[in-house]
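Just below is one structure, and these are the notes that go with it.
The values are calculated or read from the model by the stated rules, or taken from the named source; none is laboratory data. All figures in this text were calculated on a predicted structure; none of them were measured in a lab. Using ideal geometry, Cβ is built from the backbone for each residue, glycine included, and neighbour counts are taken over all protein chains shown. In case anyone asks, the SASA skips ligands and DNA or RNA and just uses the protein heavy atoms, side chains included. Shrake-Rupley method; radii C 1.70, N 1.55, O 1.52, S 1.80 Å.
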Amino acid sequence: MSAIVSVRDLRKSYGAIEAVRGISFDVEAGEVFGLLGPNGAGKTTTVEILEGLRRADSGTVTVAGIDVTRDPRGVKDRIGVQLQASAFPLHLTSREVVELFAICYERRVDAQALLATVDLADRTGQWNEKLSGGQRQRLSIATALVNEPRVLFLDEPTTGLDPQARRNLWDLVRRIREGGTTVLLTTHYMDEAEVLCDRVAIMDAGRILSLDSPRALIEALLRRGFSKPVIHQSASLEDVFLDLTGHEMRED
Amino acid sequence: MLLRAYVRDRSALFFTFFLPFLFMIIFGFLNFGSLGRVDVGIVDEAGNPDSERFVQSLAQIPSLRIERVARDAMARKLQRSELDLAIVIPADFRIRPLAAPAAIQLYENQATTQEVAVGRAIIGDVIDRISFAAAGSAPVITVSRQEVSGVRLRYVDFLVPGILGLNVMQLNIFSIAFALVAQKQRGVLRRIFATPLDPRRFVAAHGLMRLILSMVQVGILLVVAFLLFQVQVVGNIFALFAVALIGAVPFLMQGFALAGWAETENQVPPVANLLTLPQFFLSGVFFSKEAAPALIRPISDLLPLTLLNDALREISTQGATLWDVRSQLLGLVVWAVVSFAVAVRLLRFETP
């Protein structure tokens, strides 16, 4: 395995606020890598620098073989992005949104097939602003896939989604990974990181505190003598919720 | 694709296409042109106390608007229907009770028969009074009449080019600024610029779409003007489109500049209105720009909408060619270049 994303001593400040304070990490090709941390930890800033949307103050960032600071546009051509708090132009159908992004990448794309891969085959003619939260997030991922990216960046992809929609999105991320695309995602949900990521970097206050596979991190913690009050409860409230309301996606 | 999304935006469509009709219909039927006064041009070749007295007596009549003009300007103004009547006072004009009466020449604009009739009656009345004061009864001034065929310029004929110019301005400033700021606010632009798309191409696409829309709008407005009001366009209709196209560019650039400056949609209307409202009133949309106070005329004459309206109106009502309106076109190009420079400074797509 080789590193497809390589970050060395990355720093970024907004005025007096140091958002990212010298972080380094590698993402291996083909893995799902998670940047984990509370809000304000510097996850989004880091990801936006990697995507060529923000300039770093110092440090080097290489994505898919391209130095991001030198050639932000070249990077944009090789990656797919799903941003936090972004939207699509109003009054366009899902299919048209995908076609619009294909134009942006100067590519031809089978919009119908692409929408089918994100389970939106039956929503191609619907105006994008009328989609539910989960559907919109999947449309967003479809637009991130039009250029067959080497690396897919997902910034808090499941924030604000209901449990069914989250699980559905996890399945989609796994399928994308099986297709050979490297995925770098940020999240503040621990369960999401645990089930989805091959490796996670735990960030807080602009620094990476720890980086390993979720299992290894947990084992290391246990080896240090950590013990949680053991409650023999092999199901959670979420399991109850999903049992009652069903696992299948809601098309609201 | 952008066009498709735009066409689906009902409220945008309303403002783009329906509102102009409303303006045209309201003002078209109000027909401001028929109210008002009789425009009388006076060519005073005598320039003596008697002629001065005559002119002053006319000037005292409130329903006459007296304007002193040069002889060669007179014919042109009559033909353009800027004057209803013109009076030529010959060099030998004297008011002498017992000598032969002085002769004046009255030129009447055939196109404005109502105003001419009113004006002729008033002038006759004034002459009678002067005669009565001077001689008791016998007329001291005789009038010979001559008809001049002026352009039959109705108010709608005047109005339509103004409406065209107004809408070219509104469409380009407002729709660009609103669309881009809304997209900025919703995060659409961020997402689009996460692709390798060149921002300049994005801007060009938006601009081109507005220019195409402007042409469609001008076309539709003209069709309605023809059908509903039988408006005549004296000049070349393609010249009209060409001028509208050139005139759209400075407003487009101002729209982009505004879109670059504004952070939220709420900031757009005040500034857009600040740009457009003065021109709304000063640039001769609904009524002649000559109605503006003389003090601001030099400024209002340089406003982009004034330049555009003047050019459109000269082509539409007087049959001017593109070459005839070259100074207005040049002015519009200057505005376009200046606005472009401002837009380039203000329009930023990169986040720090």
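Any idea which of A:A102, A:A165 is open to solvent by less than 40 Å² (accessible area, probe 1.4 Å) and within 20 Å of the chain's Cα centre (by Cα)? Explain how you work it out, then say what you get.
Numbers: A:A102 fails: within 20 Å of the chain's Cα centre (by Cα).
One residue alone meets the criteria, A:A165.
Out of the residues in the stretch A:109-142 meeting the condition of being charged (D, E, K, R) and within 16 Å of the chain's Cα centre (by Cα), tell me which one is surrounded by the most Cβ atoms within 10 Å (Cβ to Cβ).
A:R138
Collect the residues in the stretch A:143-162 that are within 26 Å of A:L242 (Cβ to Cβ), buried (at least 20 other Cβ atoms within 10 Å of the Cβ) and of a type outside the set (A, V, I, L, M), keeping them in residue-number order.
Residues satisfying the conditions are A:D155, A:E156, A:P157, A:T158.
A quick yes/no check of all residues on (1) closer than 30 Å to A:E51 by Cβ; (2) outside the structural domain of B:L258 (by TED's automatic domain parsing):
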position	(1), (2)
B:G136	no, yes
B:L159	no, no
B:G162	no, no
B:I176	yes, no
B:A182	yes, no
B:L189	yes, no
B:T195	yes, no
B:D198	yes, no
B:R201	yes, no
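Within the stretch A:87-95, does at least one residue satisfy the condition of being away from chain B (no Cβ under 12 Å) and in contact (Cβ under 8 Å) with a residue 60 or more places away in the chain?
Looking only at the stretch A:87-95, we keep the residues that are away from chain B (no Cβ under 12 Å), and these are A:94.
Adding the requirement that they be in contact (Cβ under 8 Å) with a residue 60 or more places away in the chain leaves none.
Scanning the stretch A:87-95, I find no residue that is away from chain B (no Cβ under 12 Å) and in contact (Cβ under 8 Å) with a residue 60 or more places away in the chain, so the answer is no.
Closer than 30 Å to A:L50 by Cβ, assigned by TED's automatic domain parsing to the domain that holds B:G162 and surrounded by 22 or more Cβ atoms within 10 Å (Cβ to Cβ) - does that describe any residue in the stretch B:262-283?
The answer is yes; a qualifying residue exists.
Looking at this structure, is B:Q217 on the phi > 0 side of the Ramachandran plot and away from chain A (no Cβ under 14 Å)? Steps first, please.
On the way: on the phi > 0 side of the Ramachandran plot: no; away from chain A (no Cβ under 14 Å): yes.
In short, no.
Return the residues of the stretch A:182-213 that are of a type in the set (V, I, T) and surrounded by fewer than 22 Cβ atoms within 10 Å (Cβ to Cβ); say none if nothing qualifies.
Selection gives A:V195, A:I202.
Consider A:K76 carefully, then state whether it is crowded, with 22+ Cβ neighbours inside 10 Å, out of contact with any strand residue (DSSP E or B) (no Cβ under 9 Å at 6 or more places or on another chain) and at negative phi.
Values: crowded, with 22+ Cβ neighbours inside 10 Å: yes; out of contact with any strand residue (DSSP E or B) (no Cβ under 9 Å at 6 or more places or on another chain): yes; at negative phi: yes.
Answer is yes for this residue.
Only residues that are in contact with a Pro (Cβ under 7 Å, 6 or more places away or on another chain) and of a type outside the set (G, A, S): list them for the stretch B:67-103, please.
Kept after step one, since they are in contact with a Pro (Cβ under 7 Å, 6 or more places away or on another chain), are these residues of the stretch B:67-103: B:101, B:103.
Within the stretch B:67-103, B:P101 is the sole residue that qualifies.
Can you tell me which residue within the stretch A:11-39, out of those that are in a loop (DSSP other than H, G, I, E, B) and within 18 Å of A:V200 (Cβ to Cβ), is most open to solvent (accessible area, probe 1.4 Å)?
Per the stated criteria, the residue is A:N39.
If you take just the strands (runs of 3 or more DSSP E) that sit entirely in the stretch B:43-112, which of them hold at least 1 residues that are at pLDDT 85 or above and open to solvent by 30 Å² or more (accessible area, probe 1.4 Å)?
B:64-68, B:102-109
Filter the stretch B:212-221 down to the residues that are surrounded by fewer than 18 Cβ atoms within 10 Å (Cβ to Cβ) and touching a residue at least 40 places away in the same chain (Cβ under 8 Å), then identify the one that is nearest to B:V249 (Cα to Cα).
B:I212
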